[in-house]
Every structure is written in C-alpha cells, then in structure tokens.
1. May I ask you to verify whether ALA18 is at pLDDT 95 or above and surrounded by fewer than 20 Cβ atoms within 10 Å (Cβ to Cβ)?
2. Among the residues of the stretch 59-76, which ones are among the small types (Gly, Ala, Ser) and either closer than 27 Å to HIS23 by Cα or surrounded by fewer than 13 Cβ atoms within 10 Å (Cβ to Cβ) (or both)?
3. Take the residues in the stretch 44-58 that are open to solvent by 60 Å² or more (accessible area, probe 1.4 Å) and in a helix (DSSP H, G or I); name whichever of them is farthest from GLN14 (Cα to Cα).
4. Please go through the stretch 1-15 and give me each residue that is part of a loop (DSSP other than H, G, I, E, B), surrounded by 14 or more Cβ atoms within 10 Å (Cβ to Cβ) and out of contact with any Phe, Trp or Tyr (no Cβ under 6 Å at 6 or more places or on another chain), ordered by number.
5. Given the criteria farther than 13 Å from GLY6 by Cβ and touching a Gly at 6+ places or on another chain (Cβ under 9 Å), does GLN79 qualify?
6. So the check is Cβ under 9 Å with 6+ separation or different chains; which pairs have a first residue in the stretch 59-74 that's touching a residue at least 24 places away in the same chain (Cβ under 8 Å) and assigned to a helix (DSSP H, G or I) and a second one that's hydroxyl-bearing (Ser, Thr, Tyr) and open to solvent by less than 60 Å² (accessible area, probe 1.4 Å)?
7. Return the residues of the stretch 30-43 that are surrounded by fewer than 18 Cβ atoms within 10 Å (Cβ to Cβ) and either among the aliphatic types (A, V, I, L, M) or on the phi > 0 side of the Ramachandran plot (or both); say none if nothing qualifies.
8. Quick check: anything in the stretch 16-36 of a type in the set (Ser, Thr, Tyr) and part of a helix (DSSP H, G or I)?
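The values are calculated or read from the model by the stated rules, or taken from the named source; none is laboratory data. The structure displayed is predicted, hence computed values, not measured ones. All Cβ positions, even for glycine, are placed from backbone atoms using ideal geometry, and neighbour counts span all protein chains on display. With ligands, DNA and RNA removed, areas are computed over all heavy atoms of the protein, side chains included. Shrake-Rupley method; radii C 1.70, N 1.55, O 1.52, S 1.80 Å.
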Amino acid sequence: VVVITGANAGLGYQVVRALCAAHEPGDIILSGQSLERAQSAAADVLAEFSSTPQRVWPLRLDITDDASIEAAFAQVQSQF
C-alpha cells in the first residue's frame, strides 16, 4: 500500500501514473484536499492505464488539517 499526497495533480499525479505504468500489483491511495478531485484523478489514471494490476483508491486528505489526517488514518487503517 502506497499513500501519495497531493496526487490529484502535479508531481503526485505523475507518481501515481508511473506506479500504474510499472504494471506491478498493489494498492495506491491517491489523496487530495478534495475527495471529488481525487476521485476524478483516480478515474483518469485508471482510464489511461486500464490494464494495470494496481488498485487506485481516492481519499480526502488535507495534510495541513489534523482532523483530516486523523480521519484519513482511520479510513486507511480500516480498509487495509
């Protein structure tokens, strides 16, 4: 399991793309400040790499907000 912060755009998104292009099985948690943008980015990368064995999970995570971090931690802990 890999958690990529700020993954709905920029460098974080490119890291997710690179992991999907590697065709190694695993779970990528694509996080961003907005769940909607994270969901959209996850859908885009999975459309681009439709044959990847990676599973991409969108997650709302604002690393500047303690409550957001705690909620994301609880969600990741319960799912993985």
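1. Criteria met by ALA18.
2. Residues satisfying the conditions are ALA67, ALA72, ALA74.
3. Out of the qualifying residues, it is ALA47.
4. THR5, GLY6, ASN8
5. Here the answer is no, as GLN79 does not meet what is asked.
6. Within 9 Å, the pairs are ALA72/SER31.
7. Across the stretch 30-43, the qualifying residues are LEU35, ALA43.
8. No, the stretch 16-36 contains no residue that is of a type in the set (Ser, Thr, Tyr) and part of a helix (DSSP H, G or I).
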